[in-house]
Amino acid sequence: MFTKELQPLSIQLLSSEKAQRMAEFFSFLGDANRLRILSLLAEKEYCVSDLAATLDMSESAVSHQLRNLRVMRLVNYRKQGRRVFYRLHDNHVLHLYQAVAEHLDEKDEG
């Protein structure tokens, strides 16, 4: 009979500095409007006016949230003429968003 050797888990304690940065990051994501913006950008890129119309928010409010999301390196942008299109920064952000959404959609198995 084949038995697979179990490898000991390598547990690393999170440093206080990194734990603080992660807490600030997750706290930042605790805003419903930011999450709604990310939900749209998880599908495709959008310009500010399209985001504002879809979310029923002012362009100023959307721009403000996008500026914050850029500072946290959650979104990038590209210019096309006078329009600016926003998209998720990278696949890490997409995977984080998808993982949380899937977790919340799971039925409680307890």
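The values are calculated or read from the model by the stated rules, or taken from the named source; none is laboratory data. It should be emphasised that the depicted structure is a prediction, and the values quoted were computed from it without experimental measurement. Positions of Cβ are generated from backbone atoms using ideal geometry, with glycine treated the same way; all protein chains shown enter the neighbour counts. Accessible surface is based on the protein model in full, side chains and every heavy atom, while ligands, DNA and RNA are left aside. Shrake-Rupley method; radii C 1.70, N 1.55, O 1.52, S 1.80 Å.
Overview of values
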read-out: Candidate set from region 40-52 (those that are in a helix (DSSP H, G or I) and open to solvent by less than 40 Å² (accessible area, probe 1.4 Å)); member that is farthest from Tyr77 (Cα to Cα); value: Ala52
read-out: Restricting region 73-92 to residues that are of a type outside the set (D, E, K, R) and more than 16 Å from Asp50 (Cβ to Cβ), the residue that is most open to solvent (accessible area, probe 1.4 Å); value: His92
read-out: Total residues in region 53-80, condition at pLDDT 95 or above, touching a Leu at 6+ places or on another chain (Cβ under 8 Å) and part of a loop (DSSP other than H, G, I, E, B); value: 1
read-out: Test result for Arg67, loosely packed, with under 15 Cβ neighbours inside 10 Å and either over 23 Å from Ala101 (Cα atoms) or more than 12 Å from the chain's Cα centre (by Cα) (or both); value: yes
read-out: Selection within region 72-97 - of a type in the set (D, E, K, R) and under 15 Å from Phe28 (Cβ atoms); value: Arg73
